[in-house]
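One structure below.
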Amino acid sequence: MRGNVNKISLEDKSRRFFGIESDCHSCVINQAITAASFAGLDQNQTSRVIAVAEEGLKKSLKEQLLVQHIIRYIADAIIEELGESPDFDIYAGVKRESNRLSINCSDLLQKKIDDSQFPLETGLQIAAAGNIIDFGAKNHTNLNLVEELEKLTTILFTRYDLEPFKKALSDASTMLYICDNCGEIVFDMLFMKQLMRDYPDLKIIAAVRDKPIINDATFEDASYVGLDRLVTVISSGSVYPGTILSESTEEFKALFESSSLILAKGQGNLETLLPLSNERLFFLLRIKCEFMANLTGVSKDSLALIHNAHQQIPNSTKARLK
């Protein structure tokens, strides 16, 4: 089931977004405000960061920019205001806390998987529900992580392409697992362990971000939770809260083309990879905003397992694709 996908066509498709939906503008500005506040910037510094975000949104009307590019601009502007190095991790402390709390919950959740009549499906649900640990789509000042972790097994799917996913698993030899956030990667590990039990010949390769951005997982975070001791972990080369294929590493592009099955976690990966319409590609996430709910047809705050080959993009959204 290996993909015969032309490298150039993949890169061309990943550039098809032109302009950022107006629905997303307020979220981008809010991200600038909350990130600046989290970093301890004063009012003048915050105003300069907001100006960077606003300028990026204006540029997107003329240049091929995504929301993810603007979020990178915001992070870089904050780092510059702080006088730190380009690789400075604004969210380092809260990322460590997310990982620590998730590790503390992992034994209980592992037991739920072990005791389940359908352990693969339970592991899948836990991995999807863990996607709530997202400081890009959720305002981290209002996110009660302990409370959210307690609800992991009670959140339901409203889009559940399970049968094509299981069929793809049975045919696959390699799986590229594109990770999303800190904390969440602990629950990804639980799901990966179950995948390895059910499909012992499946080789899983996990991809993480290349440098810190919001609370997305990097190799350092993967090493902290032990992901690199479970499966092979690589950097996608992404410095964004998502995966812009044309700006990823050659190693990642090659794996994206050759992997039998690709599972992309989270809303940022959905936003950036959805236009590819690749039959090997599945998305696993919790829908966190009304725009993405309308785009996918999945209720806000519910879980989704989406087979990309079956995803229909509404006409209003297609008009913004180039």
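What follows draws every value from the coordinates through simple rules; no lab data is involved. What you see is a predicted model; the values in this text were computed from it and never measured. Note that we place each Cβ from the backbone using ideal geometry, even for glycine, and neighbour counts take in every protein chain shown.
Computed quantities for the displayed model
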{"quantity": "Contour excess over end-to-end distance, with Cα ends at K62 and T153 and 0.36 nm allotted per residue", "calculated": "28.4 nm"}
{"quantity": "Rg/Rg_globular for the stretch 171-276, with Rg_globular taken as 2.2 N^0.38 Å and Rg from C-alpha atoms", "calculated": "0.98"}
{"quantity": "Members of K211/K288; K167/K265; K95/K167; K193/K265; K151/K211; K59/K211 lying beyond 28 Å, as alpha-carbon distances in this model show", "calculated": "K95/K167; K151/K211"}
{"quantity": "Label-to-label distance, nm, for residues given as D171 and A92 (7 Å Cα→Cβ offset)", "calculated": "4.6"}
{"quantity": "Principal axis dimensions, largest first and in whole angstrom, of the stretch 93-313 by Cα", "calculated": "38, 37, 36"}
{"quantity": "Fewest-first sequence of R286, R197 by Cβ atoms within 10 Å of each Cβ", "calculated": "R197, R286"}
{"quantity": "Alpha-carbon centroid distance for the pair the stretch 262-304 / the stretch 154-184, whole angstrom", "calculated": "12"}
{"quantity": "Linear extension gain, D76 paired with N294, 0.36 nm per residue minus alpha-carbon span", "calculated": "75.4 nm"}
{"quantity": "Ranked list, fewest to most other Cβ atoms within 10 Å of each Cβ, for T174, T296, T232", "calculated": "T232, T174, T296"}
{"quantity": "Zone residues, the stretch 179-199, relative to R100, backbone N less than 13 Å from point 7 Å out along Cα-to-Cβ", "calculated": "none"}
